[in-house]
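Only one structure is covered here, and it is reproduced in the block below.
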Amino acid sequence: MNQTSFPKLPELTAIWQDTLNWQPTPAQQDLFQQLFELILEFNQQLNLTRLTEPEEFWEKHLWDSLRGIAPVLSGKIPAHPGDKIIDIGTGGGFPGIPVALVLPDCSVTLLDSTRKKITALTTILEQLNIKNTIPWVGRAEALGQHPKHRESYQLALLRAVAPPSVSAEYALPLLKIGGLGILYRGHWTTEEEKQLTFTVKQLGGIIESVDEFTTPLTNSVRHCVSIKKVKYTPKQYPRNVGVPGQKPL
Ligand code: SAM
């Protein structure tokens, strides 16, 4: 077994089934492996991830990315062909690339403000022959005011990008009414929930659910916070680039 292959693959496959009631196809499994190898290769020149051990990559990038869309994988939340998904602050491509690999009929925009990262992801996606992603260099605050992007996404994913209220200001303007923003969080406090409830109300959203779980290999506690768009977002949001982070709602 080479250093870059996933050890204990049958066990990991069983974990998908046990935890998400879903399994990758052999072709998707193969794409996960190729993605891991390509990320490691590009990581030599550019800091795409600090998770380079096979098992931590599997758990914290692949499994965690897909845990966020567990209700979609189980069919509880339907994904329709052509649905638009955006990963805001995708960095090394997480959670957006694994999501695109398992939802090939949806279009996944991978947004990041760092050009070098998006250039690397574009090459990686070409090498994987993945056609349903749109790598995009830009700021969430600018995209949220762009007429082609505003109120056009069904799902917005945000992991390790900004505090909850800032993430909500990035996500809600981009969502269609009925669309969901998924905030991937480590810890989650009642204070954060109180603050987020207040923020999403101003942006036309509600907190739909807070889902606590533990990761399957290292038992780390994590949360997925779903915010739902229920009304149009007032035009003044998102505010200018940098303002949401400097003066969170
Ligand atoms: N989501 C990835 C993950 O969980 O591995 C990457 C997280 S990385 C810590 C945060 C990324 O968000 C960085 O690549 C940064 O350039 C990007 N970012 C931060 N603020 C942003 C904004 N307002 N618009 C677009 N990208 C942003």
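Where a number appears in this text, it was derived from the coordinates with a stated rule and is not lab data. In this text, all values refer to a predicted model and were calculated from it rather than measured experimentally. Glycine also receives a Cβ, built like all others from the backbone with ideal geometry; neighbour counts cover every protein chain displayed.
Sort out for me the Cα centre separation of region 160-184 from region 125-145, rounded to whole Å. Here the answer is 17 Å between Cα centres. Between region 31-58 and region 209-249, what's the alpha-carbon centroid distance in Å? Centre-to-centre (Cα) distance: 26 Å. Rounded, prolate or oblate: which one fits region 1-137, using the alpha carbon gyration tensor with axes a ≥ b ≥ c (rounded when a/c is under 1.5, else prolate when a/b beats b/c, else oblate)? In terms of gyration-tensor shape, oblate.
Taking Cα centre as origin and charging only the Cβ of basic (Lys, Arg, +1) and acidic (Asp, Glu, -1) residues, the dipole magnitude of region 1-81 rounds to 300 debye. For Tyr153, the residues whose modelled amide H falls within less than 5 Å of its own, excluding neighbours fewer than 5 places apart on the same chain, are Leu175, Lys176.
The calculated FRET efficiency for the pair Lys76 and Asn240, based on their C-beta separation and a Förster distance of 30 Å, comes to about 0.20. With all projection directions averaged, the alpha carbon convex hull of region 170-249 covers 5.9 nm². Placing unit charges on the Cβ atoms of the charged side chains and taking the dipole of region 51-183 about its Cα centre, the candidate lying farthest along the positive direction among Leu175, Pro71, Pro163 is Leu175. Taking the helices alone, the chain has a mean residue ellipticity at 222 nm of -10000 deg cm²/dmol, built from -39,500 (n - 2.57) per DSSP H run of at least 4 residues and averaged over all its residues. Each Lys and Arg Cβ is given +1 and each Asp and Glu Cβ -1; about its Cα centre, region 174-237 then shows a dipole of about 420 debye. Dipole orientation for region 98-223: of the candidates Thr214, Pro135, Ser152, Pro135 has the Cα lying most toward the positive pole (charges on Cβ; Lys, Arg +1; Asp, Glu -1). Note: the chain, Cα convex hull, 118 Å³ per residue. Counting every alpha-carbon pair across region 107-244, the share separated by more than 18 Å comes to 57%. Annotation: amide H of Glu208 within the under-5 Å range of Ser226, Ile227, Lys228, sequence separation 5 or more or interchain, hydrogens built in the peptide plane. Here the chain is treated with +1 on each Lys and Arg Cβ and -1 on each Asp and Glu Cβ, and its dipole about the Cα centre works out to around 1180 debye.
Among Thr49, Ile97, Thr123, whose Cα lies farthest out toward the positive end of the dipole of region 42-153, if unit charges sit on the beta carbon of Lys, Arg (+1) and Asp, Glu (-1)? Value computed over the given set: Thr123. Taking the DSSP beta bridges with both ends in the chain, the antiparallel portion is around 45 percent.
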